[in-house]
Protein chains: 4
Amino acid sequence: MSARAPRRQRGHARVEVLLAAAAQVFADKGYDAATTTEIAAAAQSSIGSLYQFFPTKEAVAQALIQQQSADLTQRLAAMAEAGAGWDVEELARRLVGALIDFRASHPSFARLIDTPGAPAAVVLDVRRGMRLQLMDILAPHAPSLGKARLMAVATAVQQVMKSAVALNDDPAADSPTAARAALAELREMLRIYLQTALS
Amino acid sequence: MSARAPRRQRGHARVEVLLAAAAQVFADKGYDAATTTEIAAAAQSSIGSLYQFFPTKEAVAQALIQQQSADLTQRLAAMAEAGAGWDVEELARRLVGALIDFRASHPSFARLIDTPGAPAAVVLDVRRGMRLQLMDILAPHAPSLGKARLMAVATAVQQVMKSAVALNDDPAADSPTAARAALAELREMLRIYLQTALS
Amino acid sequence: MSARAPRRQRGHARVEVLLAAAAQVFADKGYDAATTTEIAAAAQSSIGSLYQFFPTKEAVAQALIQQQSADLTQRLAAMAEAGAGWDVEELARRLVGALIDFRASHPSFARLIDTPGAPAAVVLDVRRGMRLQLMDILAPHAPSLGKARLMAVATAVQQVMKSAVALNDDPAADSPTAARAALAELREMLRIYLQTALS
Amino acid sequence: MSARAPRRQRGHARVEVLLAAAAQVFADKGYDAATTTEIAAAAQSSIGSLYQFFPTKEAVAQALIQQQSADLTQRLAAMAEAGAGWDVEELARRLVGALIDFRASHPSFARLIDTPGAPAAVVLDVRRGMRLQLMDILAPHAPSLGKARLMAVATAVQQVMKSAVALNDDPAADSPTAARAALAELREMLRIYLQTALS
DNA sequence: GATGAATGAGCTTTCATTCAT
DNA sequence: TATGAATGAAAGCTCATTCAT
């Protein structure tokens, strides 16, 4: 964060291990409850080593978010490429599934993105970037939509995707069956909506 | 773990003040970053007084959530009563607005409900309770729907309502105009969806 | 402790209940860990009531010690009266048993007497008083002993009696059988010793 | 619960200083009244340093007990080696003196061992260990004694040794002269007893 | 660069005691 | 007199961060 602080050096093996450990610990405990010492220990490193590469705890979270969001960007880019050919139903299904899949393989992402206490600036970037990519995915299906309207639609879609994630591991669900039914409902909602909005 | 009941008038008053102060502080900083000392100070109480009525910091948050969720329950109950006569468009508008309004007047509620580190059990109760009330609101509009399906619909609606709140004070929005547009989009999505689902 | 403080009023029913509760709590937790609030609660009283009769926590312990040591005094007095007729073996047996019996029925006494943090002055009085009574018990068996020597013997006997108590509920004992054997050994030691010392 | 092992020289030194400071403070105030802050200050360390090596206050006491009891073990071992040649009188004298000497140079030991609130498990180990060593010391003097009997004798001897310590700094003694006389009496009791028991 | 010791502000919680009702 | 609310110093302990080796 500060200028004289050591930059995290991409490519340094230790950095990768530290980030992996951080992902683990953040996923388990959330940003606030995670401690830098524990992260270092999980990376079989020392606390001193961690601070050699990251100036603050917040910087660790930021780097992690950035690393993971790069993966998300890639996935969405792939969707943008392949998605032009899908019909609306498939589009809805894929969109709902995309974030669920992603967060399943990056469990720390959700906690870091939503948690108060987490670094704000990066989070906003990620959200905005995702929104832009959603616009890219949706655009081919509604060539006539103005840019402002398209962004509004993308924003709404983004919310549905987040809802899908929330539903997917909602501990308030009465049963797995009920959770699945709710998820299907959400998919249906998105499909109907897109059918109208993109026409 | 729950609040010790005050047995004197002075005690009741103090509890109210403490909860109000807690609402303030939790809203500002979130559960983890809020300190019991600050809450007591904001209530112009001593820290000892706080712990006279609440055994732990968590109990303070629980009591606050319970107090506020009682208000939410009331609002939703009112909607259930009045809502039978609304057409689908009004229903959608009201639902989207309901949670926005509520959280505007209870800013701490959102942070406490979503935050990791916050008391889990009460949160689940609140979510489940809200879902049940949504079922009550929706039922008159779709008498033929089975109970399981109705619950799935209610769950989806609940997510849209939460999305609306998120959108309403989304710091990632490019402009207030864009935020409003996205909100309108969400409302439209809900309307279209309900039209189909409740028919 | 302070002059203006309310004296504990003998005969007031509340005082008796409070002392009984204090005995219970002190026995369970020891002097330091016991809290005045818990004592009051155990007496089904309020903390205010407790401080109406006892100026400090220490005063409660003092009163309790005094009350119980009066009972001890009585028992030893009884022994002094009956003991002149006993032979040395019976004397040894009774002495060893006396403190064990007493502490069994006053479990808080031991913790209060030995615990650092407990009121010192009263404790010394109790010890000295007990020593004097032991001299009374022993004197008839050794009419020729000088007073100084008698006191030394009494002091040694007192230590053996305390040892007996310690042994009786020694958690370091390997088995109840071993504990009993050690106790018997102690009794034997006292017998042999008294045989010589009192002749 | 036990001490975290330091991995650097500086750490080892710090642990030593901390334990010495803890010995001082525990000796002065006892376990409960001693505070970790004061211990750290007495060691001219920060409170953080203390908790770097000891997870809890109890662990500090445990480590201290273990360190000191190692010394006690050594002394008793020396007695076991040299003691075979002593006559019973010398044996009694040495036994009575051993614990007095030891506790004189380790003043915190007594308070930690007897105090309720102190760590229990270690204390039991120490007591049992001492008992075993006493058996080693006594055995050569009574080759014909069965093991069970020997243990009972050792236990009784152990109690006398503790009594000697108690007497040695008994604030209830009327005078130093009286205290010395009582101590002599105790020594005599042990001598007579051992003469009989070990024959 | 790697390590782990050092730091200390600050956290939650306790509890003897006082005071208003 | 009885009650329980009020107080606040002080306790044990944590943790992000810095520094010496």
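The values are calculated or read from the model by the stated rules, or taken from the named source; none is laboratory data. As the structure is a prediction and not an experimental result, all values here were calculated from the model. Neighbour counts run over all protein chains shown; Cβ positions are idealised from the backbone, glycine included. The accessibility values were calculated without ligands, DNA or RNA, using every heavy atom of the protein model including side chains. Shrake-Rupley method; radii C 1.70, N 1.55, O 1.52, S 1.80 Å.
Brief remarks follow.
- Normalising the average separation of contacting C-alpha pairs (under 8 angstrom, six or more residues apart) by the number of residues puts the relative contact order of chain D at 24 percent.
- Dipole-positive endmost among D:55, D:150, B:145 within the protein assembly as shown (Cβ charges, Cα centre): D:55
- Taking Cα centre as origin and charging only the Cβ of basic (Lys, Arg, +1) and acidic (Asp, Glu, -1) residues, the dipole magnitude of segment D:125-167 rounds to 120 debye.
- The C and D chains share an interface that buries close to 2900 Å² of accessible area, total over both sides, probe 1.4 Å.
- In order along segment B:81-90, phi translates into HN-Hα couplings of 6, 7, x, 4, x, 6, 7, 4, 4, 5 Hz, rounded to whole numbers, per the Karplus curve 6.51 cos²θ - 1.76 cosθ + 1.60 with θ = phi - 60° and x for Gly and Pro.
- Protein accessible area in segment C:68-158, 1.4 Å probe - carbon and sulfur %: 55 percent
- With a Förster radius of 35 Å applied to the beta-carbon distance between residue A:104 and residue A:148, the computed FRET efficiency rounds to 0.55.
- In this structure, the pairs whose alpha-carbon distance is over 21 Å, taken from A:29/A:57; C:29/C:57; C:29/D:162; C:29/D:29; A:162/B:57, are C:29/D:162; A:162/B:57.
- Copies compared at residue C:77 - label distances in nm, ascending, label defined 7 Å from Cα in the Cβ direction: 5.5, 6.9, 9.8
- Sequence-distant aspartates and glutamates (8 or more away, or on other chains) whose Cα lies within less than 15 Å of residue B:147: A:174, A:185, B:136
- Dimensions in Å of segment A:61-197 - Rg and Dmax from alpha carbons: 15.0, 43
- Taken residue by residue and averaged, Cβ atoms of other chains lying within 10 Å of the Cβ of C:184-193 number 6.
- Per residue value of the accessible surface for segment B:9-197 (all protein chains in place, 1.4 Å probe), Å²: 43 Å²
- Choice from A:173, A:34, A:139 with maximal GNM fluctuation in chain A (Cα, 10 Å cutoff): A:173
- Ellipsoid equivalent to the protein assembly as shown - semi-axes via the Cα gyration tensor, in Å: 76, 33, 22
- Average other protein chain Cβ within 10 Å of Cβ, residues B:124-135: 2
- Candidates A:107, A:55, A:176: whichever shows maximal mean-square fluctuation once chain A is modelled as a Gaussian network with Cα springs under 10 Å: A:176
- Choice from D:66, D:44, D:133 with maximal GNM fluctuation in chain D (Cα, 10 Å cutoff): D:44
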